[in-house]
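Written out below as structure tokens is the structure these notes cover.
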Amino acid sequence: MSAWTASRNPRTTSTLAIFMLTLAAAAPAAPATPRAGELTVITTSPAHSTLDVSVHDSITVTFNQPINPATVLAAPQNFWAYGRWSGPVSGTFSFANNDKRVTLTPDEPFFAGEQVFVVLSHDLESDTGAPLRSAGYAFSFWTNARRAPINYAVLDTLDCRDDPEVSTRAYGGVGSDLNNDGYVDLAVVQEDTADLRVFMNLAQGDGMFGDFIQPFSAIGNRASPSEPTDFNMDGEIDICTADINDNTVSILLGNGDGTFQPRVVINVGSTPRGIAVLDFDGDGFIDIVTTNNGGNGNVSLIGNLGGGLFTSAQQIEFGITGEWSLTATDMNHDGIFDLVIGASSAQAIMIQLGNGDGTFSFASETPCGGRTWMLVTGDVNGDGFEDVATANGQSNNGAILQGDGKGGLGAAEIYSVPALPLATDLGDIDGDGDLDWTTSSFFGSAWRILLNDGTGLYTVHETVIAPEAGSCTIIHDIDNDGDMDMALIDELADVVLVYQNSGVAIPADFDGAGVVDLFDFAAFLDCSQSTPIHPDCEVFDADNNRAINLRDFGKFQIAISLP
């Protein structure tokens, strides 16, 4: 998406701000609760964790009292959104229902099958001056992917080496639109050469990429996990990495053309293995958390002060050993993002609920069936609550743990995968409205694709053999046809296999059965009653006018007559 168009001034750094963040990180606190008279979020549309949102949808938040529109527009961090692949949302705000309802209408559609995050700052106020709670408010949702037959093939192989004889060790990466042209680019983390190598999408609609950009963007030694967001609120995608051997975090602020400014380096704890981005103190700026596996293990919190400035890291002990994998999401639906921590030594998942002031409170610790290397979250069973998918590296398996919406997890469902799985990812690979699952295995030299039956139970669809050692899978739409493609990263061969879904959907084939029949006709009739159009019904919208009517029925008649 294009960059934010309004001109806003970021907050400035102050010694007091740094001191307050340090104090908050060091002291325990109770979860934030609404105070009498506070401005409060009543509903959001889309709802948190929703999986089937149209790429054309707007974002609406309804409050308990009229909001002061000036506070929405005062600073970009007060009310904003970003897609994990499409980037920061540029758009227009509108106000309705006596200014109780605020709608952000994006200038461009989201990307298919991506996760979108919405962040509200505690600087929002009602028309009478009542503030939003100090914790702010945040939620996320997923856009829908096109239904299409799964027909993957290697479209291209991207070589990460500039010298064929020198290993770079392509460990993982980010798929995001780094130059605002509406196509996903690839930024691949190189452990040995300590840099980020960027392949720009040629934006031709065929999924092809150019050679990597030089010079490379320097990061720390043996950088491993990485996350995209917009740290300095300039409308461009930034990236942060956890640098294992340097005990640092590298923050790369994007220039909007696939290149980055010189890295900001923050010292963290020993051997950082996981990294997550979230607003943990309610100011609207995205902060950083790492898990540090060295010694007994701990967690580092890095506060974002705006304008590309950050606090030093604060170390937190959560009482579990061997912190390794990490992500952030809202596990109890209170509008505050929480930490989901995989402890390799303990072979368990710990959930720490965010209090919204830079502190966290213990919620649960659940065995995960192995020594977890990486984890991701998403609603795998369609109940509206966040679940956890793990890659249990040294245990040669993966696990699905379903969330209860209160910060707890059910018993782990264990799945055998090829040896030493390093990475895991979720995405709607077959476009049927639920989250499928991938794992990437080093010793097993393979990537595994597992399909969801809609209840969170998985079956193996395909095992893709890696050239040498699978390290990462990025599920995204490389050719803008609406279905899910993948980038498969091999860390010993130092290549990225561009794995394209070339399955061609039949127009009006609602259920993806490969033929237009009476089942599709029944679905067409149901969709004609859908106002506004449901994302699943877009397959029938032949004239793309966001409504199902007689003109679309004429196209459907042609489709149903096909053999």
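One compactness figure for the chain is 0.92, namely its Cα radius of gyration divided by 2.2 N^0.38 Å. Using alpha-carbon positions, what is the distance between the centroids of region 370-395 and region 129-191, in Å? Cα centres, region 370-395 to region 129-191: 19 Å. Taken one residue at a time, the phi angles of region 477-486 give Karplus couplings (6.51, -1.76, 1.60, θ = phi - 60°) of 9, 7, 10, 6, 9, x, 9, 8, 9, 9 Hz. Gly and Pro are set to x.
Taking the Cα centre of region 247-398 as origin and assigning +1 to Lys and Arg Cβ atoms and -1 to Asp and Glu Cβ atoms, the resulting dipole is close to 740 debye.
Ranking 44, 135, 186 by how far each Cα lies toward the positive end of the dipole of the chain (charges on Cβ) leaves 135 at the top.
Under the convention that each Lys and Arg Cβ holds +1 and each Asp and Glu Cβ holds -1, the size of the dipole of region 413-539 around its Cα centre is about 380 debye. Note that the chain presents 35 Å² accessible area per residue, ligands and nucleic acids not counted, probe 1.4 Å. The mean sequence distance of close C-alpha pairs (under 8 Å, at least 6 residues apart), as a share of the length of region 209-275, puts its relative contact order at 31 percent.
Isolated cysteines in the chain, defined as those with no second cysteine Cβ under 4.7 Å, comprise 160, 240, 368, 472. Computed about the Cα centre, the dipole magnitude for the chain is approximately 1380 debye when only Lys and Arg (+1) and Asp and Glu (-1) carry charge, each at its Cβ.
The heavy atoms of residue 271 present about 40 square angstrom of accessible area, all protein chains included, probe 1.4 Å.
The values are calculated or read from the model by the stated rules, or taken from the named source; none is laboratory data. Treat the numbers as computed from the prediction; the structure is a model and nothing was measured. Heads up, the Cβs are rebuilt from the backbone with ideal geometry, glycines too, and the neighbour counts pull from every protein chain shown. The protein model used for the area step is the full one, side chains on, heavy atoms only, and it has no ligands, DNA or RNA in it. Shrake-Rupley method; radii C 1.70, N 1.55, O 1.52, S 1.80 Å.
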